[in-house]
Amino acid sequence: MPSIINTKVQAESDVLPTVEYQKIANKHITKAVGRLRDHVFVSGQGLQVITSDGRELLDFTAGIGVTSLGHCHPAVTAAIIHQAQQVIHVQCAIALSDPYVKLVKNLVPMLEPAGKGDLSSFFFWNSGSEAIEAAIKVARMKTKRNNIIVMQGAYHGRTSGAAALTRSKTSFFAGTGPLMPCVYTTAYPYWHAMGLPIDTPEQVLVDQAVHQLNQVLAQQTAPEDTAAIFIEPVIGEGGYVPCPPAYLRAIREVCDQHGILMIADEIQTGFGRTGKMFAIEHSGVVPDLITIAKGFANGMPLSGIVTRKEIMDCMPAGSLGGTYSGNAVSCAAAVATTDVMMQTDLLSNVKSRSDQIFAGLRAIAADEKNGGWMISEVRGIGLMIAIEFKDPASPITQHHSQGENVKLPSYLNKLVQDECYDRDLVILTTSIYPVLRLVPALIVSEEEAERALEIIRESIKAVSDRVLASSS
């Protein structure tokens with residue numbers, strides 16, 4: 001009998017036939033995930049991914065904003081291998097790991113612009129949803145209050161407490177109630193969600209949203225019962241809508257007035273995605289707590305919360321934790337990722353590629369004869385970019401320039417997404433509205449951005465031609 005310690009197990013490395021993957025998946029893997037396609041990614045480098053049938057795709061999803069340095073970045077891969085050869089798992093209630101502490105050392109200066117030196121106390125977990133759960137616990141413990149206010153269209157996760165805070169799609173929680181109580185919803189300054197015209201001035205949107213927030217505090221949850229207001233600086237699953245700085249400042253004022261914690265959910269927006277290290281920096285507002293995940297470990301499962309020490313210190317020993325929280329290999333990946341972010345001109349690339357992509361998309365939207373007539377708005381910030389299409393079900397965006405005989409199909413975004421996939425570009429939709437989102441790795445090159453724009457241009461024209469032909 002061979003020794004358990006010395007036995008080497010040969011990992012199965014051969015790629016299976018695609019049909020075999022599909023057979024296993026269809027029989028044994030839950031449909032609750034709702035996969036975009038039945039394709040299988042077997043390798044990737046940078047923004048390129050290879051499927052099991054040998055197809056090469058340009059990935060403009062980054063795993064929903066996770067692989068910020070692209071697939072298999074050499075520095076991150078090397079850090080993972082090195083740590084796996086040292087120690088894989090150090091349970092945080094038993095001991096700290098070397099990369100756990102080194103990650104904190106990296107993050108403190110990275111958070112200086114967002115937190116003005118105040119946000120320097122950390123707890124690490126595994127997923128964004130878990131970070132939200134931790135933030136809920138901290139807010140309630142610190143304030144001794146129960147109620148939480150969230151934004152219309154918000155997405156904060158799918159675990160029990162996080163799902164109770166989510167307001168973007170009912171599919172994330174339908175049929176799983178009763179959800180956690182004491183959660184109240186207020187308006188987010190997005191014209192479509194507020195039922196206002198697309199050209200509504202930003203200040204009007206802000207004024208309306210502030211008015212509704214004050215109504216919530218007067219009619220639904222008294223300030224003295226309210227623990228926290230959660231907000232995404234760019235709402236994600238609600239449509240990729242940047243929050244006007246004036247609204248963030250108004251929330252800060254309300255929180256200061258009533259002793260409510262302002263919690264910025266930077267799970268998708270953080271770590272360079274918007275052109276600043278954290279999206280909240282664009283407003284100059286300092287929140288009381290930030291939730292982090294996705295982009296700072298470049299694909300390894302890691303999340304966390306960061307807050308002021310006096311807030312974190314309200315938590316008694318044992319109130320935060322988890323078997324895998326702050327896993328050593330994940331922390332090592334995050335150390336390498338944040339090293340690259342701090343030591344390179346990554347944010348400059350984000351700005352350059354953002355300018356390039358926005359210019360290209362706005363040119364597409366202006367080209368009415370080639371499909372621009374289907375587009376309502378191009379919006380976003382940094383490399384968090386959205387195209388909202390016209391919607392026959394919406395009284396706000398159902399009108400177009402092609403005449404009454406041309407009938408808009410529902411979900412133009414999904415039709416364009418399919419055309420893009422046929423041309424080897426992977427992009428995502430978002431929200432209940434017909435929105436496409438572009439969320440490429442932050443290392444995206446000028447050539448890759450131009451290739452994506454050309455595919456989007458061709459795809460929009462193809463859908464437009466089809467719609468017009470079917471109406472003639």
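Observations, loosely collected:
- Some residue of the range 230-247 being without any contact (Cβ under 8 Å) to a residue 40 or more places away in the chain and of a type in the set (Asp, Glu): no
- Filter result for the condition that a residue is within 23 Å of the chain's Cα centre (by Cα), modelled with pLDDT of 95 or more and farther than 20 Å from LEU103 by Cα, over ILE311, ILE385: ILE385
- Close pairs from the range 1-29: first closer than 12 Å to VAL40 by Cα, partner surrounded by 10 or more Cβ atoms within 10 Å (Cβ to Cβ) and at pLDDT 90 or above, Cβ under 6 Å, at least 6 apart: VAL15/VAL42; VAL15/SER52; THR18/SER52; THR18/ASP53; TYR21/VAL40; TYR21/SER52
- All conditions but one from (1) within 25 Å of VAL340 (Cβ to Cβ); (2) buried (at least 19 other Cβ atoms within 10 Å of the Cβ) apply to ARG451; the one that does not is (2).
- Failed item, numbered, when VAL204 is tested on (1) in contact (Cβ under 8 Å) with a residue 24 or more places away in the chain; (2) surrounded by fewer than 18 Cβ atoms within 10 Å (Cβ to Cβ); (3) hydrophobic (A, V, I, L, M, F, W, C): (1)
- From the options LEU119, LEU69, LEU96, residue that is on the phi < 0 side of the Ramachandran plot and surrounded by fewer than 22 Cβ atoms within 10 Å (Cβ to Cβ): LEU96
- Within the range 382-399, considering residues that are over 30 Å from VAL444 (Cα atoms) and not β-branched (Val, Ile, Thr), the one surrounded by the most Cβ atoms within 10 Å (Cβ to Cβ): ASP391
- Strands (runs of 3 or more DSSP E) lying entirely in the range 300-410 (those with 2 or more residues that are closer than 25 Å to VAL286 by Cβ and either touching a residue at least 60 places away in the same chain (Cβ under 8 Å) or not assigned by TED's automatic domain parsing to the domain that holds GLY63 (or both)): 303-307, 375-381
- Contact map, the range 461-472: residues that are more than 11 Å from ASN370 (Cα to Cα) paired with residues that are modelled with pLDDT under 95 and surrounded by 13 or more Cβ atoms within 10 Å (Cβ to Cβ), Cβ distance under 6 Å, separation 6+ or inter-chain. Pairs shown: SER471/VAL406.
- Check on SER129, within 22 Å of the chain's Cα centre (by Cα) and within 14 Å of SER303 (Cβ to Cβ): yes
- For the range 273-289, the set of residues classified as of a type in the set (Val, Ile, Thr), more than 18 Å from PRO109 (Cβ to Cβ) and touching a residue at least 60 places away in the same chain (Cβ under 8 Å) consists of THR274 only.
- From the options ILE149, ILE88, ILE94, residue that is closer than 22 Å to ILE251 by Cβ and not small (Gly, Ala, Ser): ILE149
- Selection within the range 362-407 - touching a Pro at 6+ places or on another chain (Cβ under 7 Å), of a type in the set (Val, Ile, Thr) and within 30 Å of GLY270 (Cβ to Cβ): ILE381
- Near pairs, Cβ below 7 angstrom, 6+ apart or cross-chain, from the range 168-189 (charged (D, E, K, R)) to any residue that is in a loop (DSSP other than H, G, I, E, B): LYS169/GLU237; LYS169/ILE432
- Going through (1) over 19 Å from the mean Cα position of the chain (by Cα); (2) surrounded by fewer than 24 Cβ atoms within 10 Å (Cβ to Cβ); (3) acidic (Asp, Glu) one by one, GLU281 falls short only on (1).
- Meets criteria (in contact with a Leu (Cβ under 9 Å, 6 or more places away or on another chain), over 30 Å from THR338 (Cα atoms) and β-branched (Val, Ile, Thr)) for VAL444: no
- Restricting attention to the range 180-219, the residues that are out of contact with any Gly (no Cβ under 8 Å at 6 or more places or on another chain) and closer than 25 Å to ALA139 by Cα total 19.
- Of the strands (runs of 3 or more DSSP E) that lie entirely inside the range 5-96, those containing 1 or more residues that are in contact with a strand residue (DSSP E or B) (Cβ under 8 Å, 6 or more places away or on another chain), of a type in the set (Asp, Glu) and not assigned by TED's automatic domain parsing to the domain that holds ILE381 span 56-59.
- Within the range 115-161, the set of residues being of a type in the set (Val, Ile, Thr), in contact with a Gly (Cβ under 8 Å, 6 or more places away or on another chain) and closer than 25 Å to VAL329 by Cβ comprises ILE132 only.
- Residues that are assigned to a loop (DSSP other than H, G, I, E, B) and crowded, with 24+ Cβ neighbours inside 10 Å within the range 143-157 comprise GLY153, TYR155, HIS156, GLY157, listed in sequence order.
- Qualifying residue in the range 365-374 (condition: crowded, with 22+ Cβ neighbours inside 10 Å and closer than 29 Å to PRO113 by Cβ): no
The values are calculated or read from the model by the stated rules, or taken from the named source; none is laboratory data. All values derive from a computational prediction rather than experimental measurement. Quick reminder, even Gly has a Cβ in these numbers, built from the backbone with ideal geometry, and neighbours come from all protein chains shown.
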